[in-house]
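J.: Quick one: the structure is below, and I'll ask about it shortly.
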Amino acid sequence: MSVTGVEVAVMPPQEPLEDMSNLAAALPGGEESAALAREKGWVAPQRYNYDAYNTLDKDEVVNALPWASNSAKYEWKEEYGDIGPPNEELEKMLFQDEYIPRVGKLLENLRQIEVTAETTERPDPIKSFDEAGLHPITLNNIKLCGYVFPTPVQAYCIPAVMTGHDLIAVAQTGSGKTAAFLIPVLSRLMGKAKKLAAPRPDLSNGFNESLDSVRAEPLVLIVVPTRELATQIFDEARRLCYRSMLRPCVIYGGGPTRDQRTELMKGCDILIATPGRLIDFMDRPNILTLCRVRYTIIDEADELLQADWEAEFTKILAGGDVNEDADHRYMMFSATFNRGCRQVARKFLANDYVRIRIGRVGSSHLNVTQQVVWAEDSMKKKCLYDLLMAMPPSRTIVFVNTKPQADLLDDFLFNMGLPSTSIHSDRTQREREDAIRAFKTAKSPILIATAVSARGLDIKNVMHVVNYDLPSISHGGIDEYIHRIGRTARIGNQGLATSFYNERNSDMGPDLVKILMECNQAIPDFLQSEAPPDGVLKFDDDTDDEAGDGDNTGGAGDAWGAAAAPAAAVDFTANAGDNATATDAQGAWPVDANGDW
Ligand code: AMP
């Protein structure tokens with residue numbers, strides 16, 4: 001059986017796993033282990049040649065494997081009217097690639113996600129894309145993407161942006177938040193692009209850098225903390241800009257500056273950027289200026305602020321205000337709404353901004369089967385090997401806490417004949433892109449990753465996430481755990497998360513139990529004592545409680561500015577009982593009796 005990880009559904013092992021530390025049998029060695037792995041259906045590992053690219057000249061490297069930033073986009077021609085003609089080849093590449101994530105059948109659970117709009121400005125949620133007043137090309141692109149109904153975050157964000165509000169959405173990757181901001185922003189710009197956009201070269205006869213170059217003057221700026229997230233958003237923007245004049249570009253650290261600069265010089269309307277590379281380009285105003293920016297979107301804002309980007313952040317946000325146009329909208333997306341985010345919100349967002357909260361962190365993972373197994377540190381390698389061999393082969397991400405551990409484990413699995421690859425922040429960008437590509441295409445369906453590098457990864461059919469090392473309370477804690485397991489079971493699909501636990505993880509015990517209880521998962525014996533004594537689940541909610549703000553003397557009202565008065569919470573829960581808005585929810589997520597759309 002040659003399994004690519006695309007077709008296989010993961011089932012938990014027949015016996016409930018609880019303790020893997022008493023596995024006495026030794027690991028098989030050399031050829032025997034390779035033969036066993038093939039027998040189980042795992043494809044053969046391929047050695048990554050870290051030196052190969054040093055021996056190729058630059059053009060060969062680019063031709064061998066294109067950089068994510070060079071991916072094809074719809075190129076506008078002067079003679080087009082308002083909408084460009086279809087481009088069959090590109091359409092296939094953008095919308096029909098077999099590796100694009102697709103909606104799964106378990107959307108019923110996603111309906112349970114609670115949505116609250118917490119400001120006085122509360123747009124009516126849309127129930128369908130058709131009623132949102134979107135540009136016909138946007139609607140067409142949404143159809144091509146295969147999005148049938150808006151997700152909860154989209155149901156709220158789209159009308160908020162369409163009615164010209166600033167926005168804060170507390171939402172995780174996986175909730176459909178990228179499209180939640182791209183759809184309304186692009187739609188609003190489409191009709192006006194000819195008037196608003198900077199001049200651009202006609203690329204029909206190729207691009208001569210010295211004759212055709214223009215300065216990049218984007219209308220939309222999207223800032224994100226990681227390179228992988230940047231390229232994912234770029235991919236979604238390439239899809240949603242199809243047949244329009246709007247030209248997306250992505251710039252990120254580690255990628256070739258020269259190539260990224262060339263792309264900018266061809267014209268850029270939508271710029272997706274990681275902060276360091278963005279600042280580099282902002283320092284070269286002949287190449288990039290933010291003077292035309294109409295929409296600034298900060299994704300994973302809490303991550304950016306946590307990672308000491310605060311000074312750069314202010315420069316970037318202020319950079320857009322060279323354009324002293326009142327018509328500049330700001331949007332922030334964040335997993336938590338912590339103090340740093342609140343300060344940015346206070347400074348940049350209009351008073352009537354809309355704040356939307358999508359569920360509680362973690363409550364969106366009902367489609368993940370979670371198992372926690374006891375594994376002493378000395379036995380973890382063996383446990384991992386046994387676990388992988390016990391499962392039908394499928395795409396698996398193994399999280400570790402350190403870079404050396406990622407290297408070691410990758411070597412170990414490789415030597416055991418298992419098809420692994422790895423990613424962490426000491427790898428070059430070329431290596432990182434190659435690892436993701438190998439994982440996506442299931443050439444190497446096992447990815448060993450440190451948390452930072454795998455943050456926000458949206459890869460089709462990740463069936464299993466293994467927390468080889470659980471995060472510690474001081475490094476991300478339960479939020480990190482939730483982010484990690486969210487790499488599987490995306491958008492109504494199913495998945496499994498296995499976490500190795502021993503006494504070194506006891507700081508995580510209580511939070512872990514609460515999540516297991518919330519998601520109706522089995523609690524292993526060794527964690528029973530961590531369950532809340534009264535059986536009542538209480539969560540420390542996100543940190544938007546103003547009490548912690550040292551500089552804030554005015555309480556909630558102050559922090560939220562004029563829009564502070566709480567509005568009615570809108571509940572998407574199917575069993576919201578007599579809540580008047582429950583019908584909105586059902587309408588927005590029409591699921592038939594089988595859980596199918
Ligand atoms: P995000 O939260 O932006 O990372 O999106 C998660 C995944 O959901 C991506 O693969 C999107 O392509 C997909 N997605 C976004 N919106 C929808 C929708 N309305 N219906 C189905 N899939 C969607």
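Values quoted throughout were computed directly from the atomic coordinates according to the rules given, and no laboratory measurement underlies them. Source: prediction; values computed, not measured. Cβ coordinates were reconstructed from backbone atoms using ideal geometry, including for glycine residues, and neighbour counts include every protein chain displayed.
J.: If we sort 260-267, 276-283 on the protection proxy, mean other Cβ atoms within 10 Å, highest first, what's the order?
T.: 260-267, 276-283
J.: Which lysines does LYS40 reach when only Cα atoms under 29 Å apart count, and residues fewer than 8 places away in its own chain are ignored?
T.: The qualifying lysines are LYS105, LYS380, LYS381, LYS382, LYS403, LYS440, LYS443, LYS460.
J.: Which distance in nm do the two modelled labels at VAL452 and ARG38 give, with both placed 7 Å along the Cα-to-Cβ direction?
T.: Taking the simple label geometry, VAL452 and ARG38 are separated by 4.0 nm.
J.: Taking 0.36 nm per residue of sequence separation and subtracting the Cα-Cα distance, how much length would be gained by fully extending the chain between ILE473 and LEU139, in nm to one decimal?
T.: Result for the pair: 115.9 nm of gain on full extension.
J.: Now a separate question. With 10 angstrom as the radius, rank TRP374, TRP42 by how many other C-beta atoms surround their C-beta, starting from the fewest.
T.: TRP374, TRP42
J.: Using a Förster distance of 30 angstrom, determine the FRET efficiency expected from the C-beta separation of LYS443 and LEU90, and round it to 0.05.
T.: 0.75
J.: In nm, to one decimal, how far is the modelled label at MET517 from the one at ALA531, with both set 7 Å along Cα→Cβ?
T.: Taking the simple label geometry, MET517 and ALA531 are separated by 0.8 nm.
J.: Under 20 Å between alpha carbons: how many lysine pairs meet that in the range 114-358, if sequence neighbours fewer than 8 apart on the same chain are excluded?
T.: Eligible lysine pairs with Cα atoms under 20 Å apart amount to 7.
J.: For THR421, which sequence-distant residues (separation of 5 or more, or a different chain) have an amide H within less than 5 Å of its own amide H, given hydrogens modelled in the peptide plane?
T.: ILE446, LEU447, ILE448
J.: Right, something else. Suppose each label sits 7 Å from its Cα in the direction of the beta carbon; what would the VAL214-THR428 distance come out to in nanometres?
T.: Label-label distance for VAL214 and THR428, simple model: 3.4 nm.
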